[in-house]
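Right, one structure below, let's go through it.
Quick note: the coordinates plus some simple rules give every number you see, no bench work behind them. Here the structure is a predicted model, which means the values were calculated and not measured. In this analysis, Cβ positions are derived from the backbone assuming ideal geometry, glycine residues included, and neighbour counts consider all displayed protein chains.
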């Protein structure tokens, strides 16, 4: 089970207490009262953790999960190991929100970091780093040598930034691990909470986001872009991938290496993209999709289905470029 650098974790909790919290009393009679140590994604859950499954898209992961218990629905229970306790509910995401808030009660709102100091007072900790004016830095922040941090930028507690990085002006970085040679341009927001909530007619309920953002080596983030941290897992931008200005990457998105993403592209949550992808400006990628390697997506397209390797697509909904041209000619 991975250590969470950015959020205080509560627990462990007895499984029966968790089941009561999510409001599923029917499951109590058949459950032994052992302790659950964490709430993790299917692939990261250990033998003392619980997880969730709400789609057949993740059956390959669910069949291999090590979790002791899983929140799910009856028709998905067959995709879980026999030893995994199935906690069947009516609304998986609502139950997940209640359970995860037990372990991470302060991860559903981005509270301002109260441990910020002016960089002028911390220069002795960062001898080979250059700072602009009015830079604020939290506790336990690591910044590699030969990096530069621009004016009016905030780097919150426990963030790691590698060597030879350039962080522009008016940037906010939280809940993030950043490798060497990364360039983050002015106004970008990295590691903010994603747009995760449960709709309710009386009051929308916020979902905790306890993951982080990982920017691999050589990544470039354009001006005024936003990269949301993961909910349970992480948001990852692969090596040498470049994002243009005003790009939005939602929680749990994984983008491969050597990709080029033009301005105002938006990614919904939990989509996975391969390597060497090119996406034109103002395209939109729906959530929970798999986009293959070497894919080209035309500007203004709306992608609502998986795309196999080496495809070229265009339009809304996005279709093969050949079919798009045919439709235009009619």
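Tabulated data for the structure shown
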quantity: In the range 257-273, residue farthest from residue 98 (Cα to Cα) [restricted to those that are in contact with a strand residue (DSSP E or B) (Cβ under 6 Å, 6 or more places away or on another chain) and surrounded by 22 or more Cβ atoms within 10 Å (Cβ to Cβ)]; calculated: 261
quantity: Residues of the range 281-330 classified as more than 26 Å from the chain's Cα centre (by Cα), surrounded by fewer than 19 Cβ atoms within 10 Å (Cβ to Cβ) and in a strand (DSSP E or B), total; calculated: 3
quantity: The range 180-201, residues that are in contact (Cβ under 8 Å) with a residue 60 or more places away in the chain and part of a loop (DSSP other than H, G, I, E, B); calculated: 185, 193, 194, 195, 196
quantity: Selected residue [under 30 Å from residue 149 (Cα atoms) and either assigned to a strand (DSSP E or B) or touching a helix residue (DSSP H, G or I) at 6+ places or on another chain (Cβ under 8 Å) (or both)] from 43, 108; calculated: 108
